[in-house]
Amino acid sequence: MNEPLQYHVAKLLHQSGGLSIAAFLKLLAETYLGQVTFSTSFSYEDQVITHQVLSNQLPINIFTLDTGRLFAETYSVWSSTNATYNTQIKAWYPNQDLLQDFVAEKGPNSFYESVDNRKGCCYIRKVEPLKRALAGNAIWITGLRAEHSGNRKDLPVIEWDESNQVIKYHPILHWSTEEVKQYIADNRIPYNPLHDKGFVSIGCAPCTRAVRPGEDFRAGRWWWEDAGKKECGLHVHAHG
């Protein structure tokens, strides 16, 4: 385990092939004791992984990024998840000074005015807190799914994240929306009721809307911007 962390990716990819998600999560938790973390936004996808971790009592840390602009429904499913699994999911918050300065200078809704403002807001509310949350970890588990974004189609299930210096694992990358919904239903997992109202990818309330039939999965995020700019900076892929 003395070699650089990124050299472990190929071995882990090989190991993951023959194991169930729960079994591989267990292997990761045992191999990188105290260094495996999962970031949840309480989406359908993340609730599937939360269930895998907590129902199997795996020693994996779960955290969320509380941007301060989340939907009321998101806080509700956070509470019901804590109650269902008798847990306490940790929140990471924006740096108070950065946020105060940004809002004072730009205004509370400046993200509608330019892409730069929006990316600045995302950085303060999500990207910077994420870096703090990931510090000291070896494995970052995510709920990314290929269906959600065109540039995730060729994503490997396990990859090296250079910007955060961690190995990322996307356990349900290739699950379909129907598979996710069925798993939620079969296991009676609490989920965000906004999913039943056309919301696919749920982020901050001012920046998320329901998706109309036939629209792209990401159309509901930052809908006032050009389609090609629809990532917030949390997931930076070498694949573009």
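Output yes when any residue across region 44-62 is in a strand (DSSP E or B) and closer than 14 Å to W140 by Cα, and no when none is.
Checked region 44-62: at least one residue is in a strand (DSSP E or B) and closer than 14 Å to W140 by Cα.
What is the one condition in (1) in contact with a helix residue (DSSP H, G or I) (Cβ under 7 Å, 6 or more places away or on another chain); (2) free of Cβ contacts under 8 Å to residues at least 12 places away in the same chain that F199 does not satisfy?
Among (1) in contact with a helix residue (DSSP H, G or I) (Cβ under 7 Å, 6 or more places away or on another chain); (2) free of Cβ contacts under 8 Å to residues at least 12 places away in the same chain, the lone unmet condition for F199 is (2).
Can you go through L173, L155 and tell me which one is surrounded by 15 or more Cβ atoms within 10 Å (Cβ to Cβ), without any contact (Cβ under 8 Å) to a residue 60 or more places away in the chain and either assigned to a loop (DSSP other than H, G, I, E, B) or on the phi > 0 side of the Ramachandran plot (or both)?
Going through L173, L155 in turn, just one is surrounded by 15 or more Cβ atoms within 10 Å (Cβ to Cβ), without any contact (Cβ under 8 Å) to a residue 60 or more places away in the chain and either assigned to a loop (DSSP other than H, G, I, E, B) or on the phi > 0 side of the Ramachandran plot (or both): L173.
Considering only residues that are buried (at least 21 other Cβ atoms within 10 Å of the Cβ) and in contact with a strand residue (DSSP E or B) (Cβ under 7 Å, 6 or more places away or on another chain), look in region 43-61 and name the one that is farthest from K197 (Cα to Cα).
Only one residue tops the list, namely I60.
Select from region 179-192 the residues that are surrounded by 13 or more Cβ atoms within 10 Å (Cβ to Cβ) and more than 18 Å from T64 (Cα to Cα) and list them in ascending order.
The answer is E179, V180, K181, Y183, I184.
Given the structure, is S201 at pLDDT below 95, in contact with an Asp or Glu (Cβ under 8 Å, 6 or more places away or on another chain) and either farther than 24 Å from F24 by Cβ or of a type in the set (S, T, Y) (or both)?
Answer is no for this residue.
Whether any residue in region 42-65 is hydroxyl-bearing (S, T, Y) and farther than 21 Å from A185 by Cα is what I want to check.
Among the residues of region 42-65, at least one is hydroxyl-bearing (S, T, Y) and farther than 21 Å from A185 by Cα, which makes the answer yes.
Table: residues versus (1) polar (S, T, N, Q); (2) under 22 Å from Q47 (Cα atoms); (3) out of contact with any His (no Cβ under 8 Å at 6 or more places or on another chain).
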{"position": "S110", "(1), (2), (3)": "yes, no, yes"}
{"position": "I124", "(1), (2), (3)": "no, no, yes"}
{"position": "D154", "(1), (2), (3)": "no, no, no"}
{"position": "E162", "(1), (2), (3)": "no, no, yes"}
{"position": "Q165", "(1), (2), (3)": "yes, no, yes"}
{"position": "L173", "(1), (2), (3)": "no, yes, yes"}
{"position": "E178", "(1), (2), (3)": "no, yes, yes"}
{"position": "D186", "(1), (2), (3)": "no, yes, yes"}
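Filter region 87-127 for residues that are in a strand (DSSP E or B) and of a type outside the set (F, W, Y); which is farthest from W222 (Cα to Cα)?
The extreme case among them is K90.
For region 92-140, which residues satisfy the criterion of being on the phi > 0 side of the Ramachandran plot and within 23 Å of the chain's Cα centre (by Cα)?
G136
Would you call L144 in contact with a helix residue (DSSP H, G or I) (Cβ under 9 Å, 6 or more places away or on another chain), free of Cβ contacts under 8 Å to residues at least 40 places away in the same chain and either part of a helix (DSSP H, G or I) or within 26 Å of L19 (Cβ to Cβ) (or both)?
Answer is no for this residue.
Could you list all residues from region 164-182 that are touching a helix residue (DSSP H, G or I) at 6+ places or on another chain (Cβ under 8 Å) and of a type in the set (D, E, K, R)?
Within region 164-182, just K181 meets the criteria.
The values are calculated or read from the model by the stated rules, or taken from the named source; none is laboratory data. Bear in mind the structure is a predicted one, so any value in this text is a computation, not a measurement. Please note: Cβ atoms are built from the backbone with ideal geometry, for glycine as well, and neighbour counts cover all protein chains shown.
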